Amino acid sequence: KLEASFPNICMPSGTSATYIVRSVYTKFDDPNTEIYGSDTLRVTVAPGSLGITANTTAVGCNGQNTGTIKVEGIGGARPYQYSIDGINWQSDSTFNVPAGSYNVTIRDANLCAISQSVSVTEPPVMAGSSSTSNASCNGGNDGRITLTASGGNGGFLYSLDGQNFQASNIFNVGPGNYTATIKDNLGCVFTIPNIVVDLTNDLNFTAPADATICEGNSTQLTISSNALQYSWTPSTGLSSASVSNPTASPTSTTNYNVRLTYGRCTADVPVTVNVNPAPIPDAGADGFICYGQNYQLQGSGGMIYSWSPATYLDDATKDNPLANPDKTTTYLLSVTDANGCRSVISDAVTIDVTPPIQVSAFPSDTITYQGDQIRLLAISAATDYLWSPALGLSDPTIPDPVFTAGAVGDIMLYKVTGSTRAGCKGEAYVSIKVYKGPELYVPTGFTPNGDGRNDTFFPFPVGIKNIKYFRVFNRWGQLIYSTNTTNDGWDGKFGGQDQPNGVYVWTVEGLTQDNKVINRRGTVTLIR
């Protein structure tokens, strides 16, 4: 007897179907032999028929998706799945949707499905409009906005800030740009932006005429207006900055502005008081000359000129006298203009006289090694320096550039020129030779005969910061000279006695700039 169930068969309730079930068996004692058999199986659909109901809720505000469809299944095999497009399924029986027509489908655990068409409605589109009337200057909030609403769900409320609502559609406001919000009884809103309430400006005035005075005099500035407040700027030279008719006594030409205020309305009225000032002398730029040179003064600012002191000037009453001072001198200039007004201040000009310039450069002659750096130094009364050539220098325009030694064998001769702003110049020279180093160079012979040349024997240091010892021995190994002072040498004597011609042994130890020890040993020939 065979039994089977078919859970995925969708048939009306109470109906049945007959199926032939074929079975294959294998003999227990003969695994290679198969026995075939068949039987009849009747399948009866047990559940009740599948049904569907759907309820809808309308969209609250036009254009939103706040409408709902609630689906309920009847019969069939649970659990159910739900869909409103036949493609996407969910276990939740509620759908949030916008307004429209939908075909709702439910299917049970046997994949039996049934559909129903439903419609979700929405209220009319909300709309609104506004009208305005102007506000006045001194009338407070006497402008008006009137709002009109339609559509939606009715029961309208109105607001100009989106927070505080009122039943009245009329607002009394001042001038400005407003945004209105209309809300119905379901909270649907409609916004009206850029509602402009204009201003009717009834501020009036008569502007004063510009005035011209001489320095030290005054004039009265009078303005006729219905303004309630007056504010003058700047207040410099005014008897009062808050009246309609102040007295003005500026010391120079001044552009005044008076702000008139009438309620919320304002106006800015300019007026200029021109002042004929006393002339201002200009003695020109300071001068810089070398001793013995001339300097042409360049005065301006008037018609008549007076320089003081008159010393070293060819004419103290003209605008551009020729000056030939022998020391630094300051001259004062006073002028008178075409109106006969004399300057109340004087202008000064200084002629800086530079004495002959002397330049010293260090080190004047030196020896270094490849890659070593030496700071050069020029000393003088100069303000500007120029080293040439610039090769190997960190900056050829400063008094103390750093020299970086080049190739072994280079001999560099640098000229430094110092100059002042007046053009006075002086020169100095530095000679630098580049040896292989750091090293201790020791001659092979010397002649201590008192002729001033090659009279002493000493190691020549290149890149050595100090000598630990320098020693000389005779042929019997006796120490006859020792020193630890750089560039100190043996004069060919021992115990005050001249030593004979011959070969002597020397040894030396030095310390480089980076603290490395250098030891050298050799012989020297003494020749008299």
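The values are calculated or read from the model by the stated rules, or taken from the named source; none is laboratory data. From a predicted model like this one, the values you see are computed outputs, not experimental measurements. Cβ placement follows ideal geometry from the backbone for every residue including glycine, while neighbour counts extend to all protein chains displayed. Side chains included, ligands, DNA and RNA excluded: accessible areas come from the protein's heavy atoms. Shrake-Rupley method; radii C 1.70, N 1.55, O 1.52, S 1.80 Å.
Checking each residue in region 287-306 for being within 22 Å of residue 426 (Cβ to Cβ) and open to solvent by 40 Å² or more (accessible area, probe 1.4 Å) picks out 288, 291, 292, 293, 294, 295. Just one residue in the set 344, 243, 273 is modelled with pLDDT under 90, out of contact with any helix residue (DSSP H, G or I) (no Cβ under 6 Å at 6 or more places or on another chain) and either surrounded by 14 or more Cβ atoms within 10 Å (Cβ to Cβ) or over 18 Å from residue 211 (Cβ atoms) (or both); that residue is 344.
Take the residues of region 467-518 that are in contact with a strand residue (DSSP E or B) (Cβ under 6 Å, 6 or more places away or on another chain) and among the charged types (D, E, K, R): which is nearest to residue 455 (Cα to Cα)? So the residue we want is 471.
Mind listing whichever residues of region 478-500 are of a type outside the set (S, T, N, Q), assigned to a loop (DSSP other than H, G, I, E, B) and either in contact with a Gly (Cβ under 9 Å, 6 or more places away or on another chain) or in contact (Cβ under 8 Å) with a residue 24 or more places away in the chain (or both)?
488, 489, 491, 492, 500
Looking across region 109-128 at every residue that is touching a Cys at 6+ places or on another chain (Cβ under 8 Å) and within 22 Å of residue 187 (Cβ to Cβ), the one that is most open to solvent (accessible area, probe 1.4 Å) is identified as 122.
Restricting to region 469-500, and then to whatever is among the β-branched types (Val, Ile, Thr) and either modelled with pLDDT of 95 or more or open to solvent by 80 Å² or more (accessible area, probe 1.4 Å) (or both), can you tell me which residue is nearest to residue 521 (Cα to Cα)?
Going residue by residue through region 469-500, those that are among the β-branched types (Val, Ile, Thr) are 472, 480, 483, 485-486.
Checking the rest, the ones that are also either modelled with pLDDT of 95 or more or open to solvent by 80 Å² or more (accessible area, probe 1.4 Å) (or both) come to 472, 480, 483.
Numbers: 472: 10, 480: 15, 483: 15 Å.
Per the criteria, the residue is 472.
Being more than 30 Å from residue 91 (Cβ to Cβ), at pLDDT below 95 and part of a strand (DSSP E or B) narrows it down to one of 192, 213, 145, so name that one.
Values: 192 fails: at pLDDT below 95; 145 fails: at pLDDT below 95.
None of the others qualify; the one that does is 213.
Taking the options 508, 503, name whichever one is open to solvent by 60 Å² or more (accessible area, probe 1.4 Å), touching a Lys or Arg at 6+ places or on another chain (Cβ under 8 Å) and touching a residue at least 24 places away in the same chain (Cβ under 8 Å). Break it down into steps so the answer makes sense when it comes.
On the way: 508 fails: open to solvent by 60 Å² or more (accessible area, probe 1.4 Å).
Within the list 508, 503, the selection yields 503.
Of all the residues in region 307-320, those that are more than 23 Å from residue 423 (Cβ to Cβ) and surrounded by 19 or more Cβ atoms within 10 Å (Cβ to Cβ) number 2.
Quickly run through region 339-390 and pick out the residues that are part of a loop (DSSP other than H, G, I, E, B), under 25 Å from residue 434 (Cβ atoms) and either touching a strand residue (DSSP E or B) at 6+ places or on another chain (Cβ under 8 Å) or among the acidic types (Asp, Glu) (or both). Listed by number, the residues that qualify are 359, 363, 364, 370, 371, 372, 376, 389.
Kindly establish whether residue 515 is in a loop (DSSP other than H, G, I, E, B), under 27 Å from residue 438 (Cα atoms), in contact (Cβ under 8 Å) with a residue 24 or more places away in the chain and open to solvent by 20 Å² or more (accessible area, probe 1.4 Å). Spell out how you get there, then give the answer.
Working: in a loop (DSSP other than H, G, I, E, B): yes; under 27 Å from residue 438 (Cα atoms): yes; in contact (Cβ under 8 Å) with a residue 24 or more places away in the chain: no; open to solvent by 20 Å² or more (accessible area, probe 1.4 Å): yes.
No.
Could you tell me which of the residues 106, 87 is outside any strand (DSSP E or B), farther than 30 Å from residue 186 by Cα and among the β-branched types (Val, Ile, Thr)?
Numbers: 106 fails: outside any strand (DSSP E or B).
That would be 87, the only listed residue that is outside any strand (DSSP E or B), farther than 30 Å from residue 186 by Cα and among the β-branched types (Val, Ile, Thr).
Scanning region 321-341 for residues that are open to solvent by 30 Å² or more (accessible area, probe 1.4 Å) and modelled with pLDDT of 95 or more yields 322, 330, 332. Selection over region 129-184 of residues that are small (Gly, Ala, Ser), more than 18 Å from residue 263 (Cα to Cα), crowded, with 18+ Cβ neighbours inside 10 Å and in contact with a Gly (Cβ under 8 Å, 6 or more places away or on another chain) gives a count of 2.
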